[in-house]
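Engineer: Below is one structure. I have some questions about it.
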Amino acid sequence: MVFGLVSSDASAEGEASASFEQLAAWLREHTELDLQRKTAASYKDLMASVREGSTDVAWIPPVVYAWLAEAVDPVGCIVRGGKTSYSASLTVLPDSSVAGIDDLHGARAGWVDPWSAAGYVVPRIELMRAGFDPQRFVSEKFYGSHAAALRALRRRDCDVVCTFEGAWLLAPALEVRILETYGPIPTDVIAVRRNLPAASYERVCAAFRAACADQAARPLVRAVFGGDELREGALEGHEALRIRYDGALAQGLFD
C-alpha cells in the first residue's frame, strides 16, 4: 500500500525517509502490511492523491481531514505526551516592536500552508474573532513548512509567524516571543481511503496497533510520528474544527 504524507521540511527529508523505512521494514517483517512512502509537496496535493486513489493510507493533518472525512476511514491518531490535541503559537522575535495583536497592523505575516491548522487556519480565525482583520497585514506569504516559516522569521523576511507550540525547536538557535496561543487543535489522523476493501482497512489497523504495542517498534513509530501510542477511531475535536472552518469559509475569510 502507498502511504502518503506531507514532507515536514526539505532539509530533514533524508532523515524522515530513513525513519519511515525502518518502521516499514518492521511492519513487513511482523505484520501483513507493506507500506511504500509517498511524499506530497503540499497539504492540497496530499488530499488530491487520496481522492484520486494514488494514496491508500495517509497521515492527514486536521484541516485536510475535515475536507476528506467522507472519503476516508480513520485508523486513529498518534498520542503525543498523553495528548490528542495541540496548540498554535503566534510568534515574533524577542526584539520585535509588536507587543500584541493591535500592533500587527502593517506587519508581514509568515504562514505555513493554506490548509495548515496551526500554521494558518486556526490563528486566522482567532485573529478575526479578536477583532483584527488579516487584511491589515501589509503582506502574507506561505513558506511550506513550520521549520521554513521559522527560518524566515529568523532572517527577518517576515515579522510574525504562527506554528504549533514548540515548533521553534526545528530552527536551532532561534529565540522567540509568544504573542498568543490558540487551541486546542485536534491532532493529525492516520486514515485509509474509503474505497479500499474492508480487509485492507483491518490490516492497517492491526499493523499499527501491533507496532504501538511492541517494545522494539514503538521507538520507530515515535521517530516517524512524534508519539508511540495509537488512539483508535475519530476524535470529536475534528468535527468541531470542520464546523469552524466551514463557517470561516462562508464569511470569506480564506478567499
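Engineer: Would the range 42-60 turn up any residue that is at positive phi and among the small types (Gly, Ala, Ser)?
Structural biologist: Yes; the residues of the range 42-60 include at least one that is at positive phi and among the small types (Gly, Ala, Ser).
Engineer: Can you tell me which of 99, 107, 207, 147 is small (Gly, Ala, Ser) and surrounded by fewer than 17 Cβ atoms within 10 Å (Cβ to Cβ)? Talk me through it step by step, then tell me what you get.
Structural biologist: On the way: 107 fails: surrounded by fewer than 17 Cβ atoms within 10 Å (Cβ to Cβ); 207 fails: surrounded by fewer than 17 Cβ atoms within 10 Å (Cβ to Cβ); 147 fails: surrounded by fewer than 17 Cβ atoms within 10 Å (Cβ to Cβ).
On inspection, the qualifying residue turns out to be 99.
Engineer: Additional query: Would you check if there is a residue in the range 16-39 being out of contact with any His (no Cβ under 9 Å at 6 or more places or on another chain), among the small types (Gly, Ala, Ser) and in a loop (DSSP other than H, G, I, E, B)?
Structural biologist: Within the range 16-39, not a single residue is out of contact with any His (no Cβ under 9 Å at 6 or more places or on another chain), among the small types (Gly, Ala, Ser) and in a loop (DSSP other than H, G, I, E, B).
Engineer: Count, please, the residues in the range 108-146 that happen to be of a type outside the set (S, T, N, Q), farther than 13 Å from residue 91 by Cβ and not in a loop (DSSP other than H, G, I, E, B).
Structural biologist: 16
Engineer: Find the residue count for the range 156-181, including only residues that are touching a residue at least 40 places away in the same chain (Cβ under 8 Å) and farther than 19 Å from residue 77 by Cβ.
Structural biologist: Of the residues in that region, 17 qualify.
Engineer: Right, something else. In the range 58-66, is there at least one residue being part of a loop (DSSP other than H, G, I, E, B) and in the same structural domain as residue 170 (by TED's automatic domain parsing)?
Structural biologist: no
Engineer: Consider the range 200-255. How many of its residues are among the charged types (D, E, K, R), in a loop (DSSP other than H, G, I, E, B) and closer than 30 Å to residue 141 by Cβ?
Structural biologist: Total satisfying the criteria: 1.
The values are calculated or read from the model by the stated rules, or taken from the named source; none is laboratory data. Since we're looking at a predicted model, the values are computed, not measured. Glycine also receives a Cβ, built like all others from the backbone with ideal geometry; neighbour counts cover every protein chain displayed.
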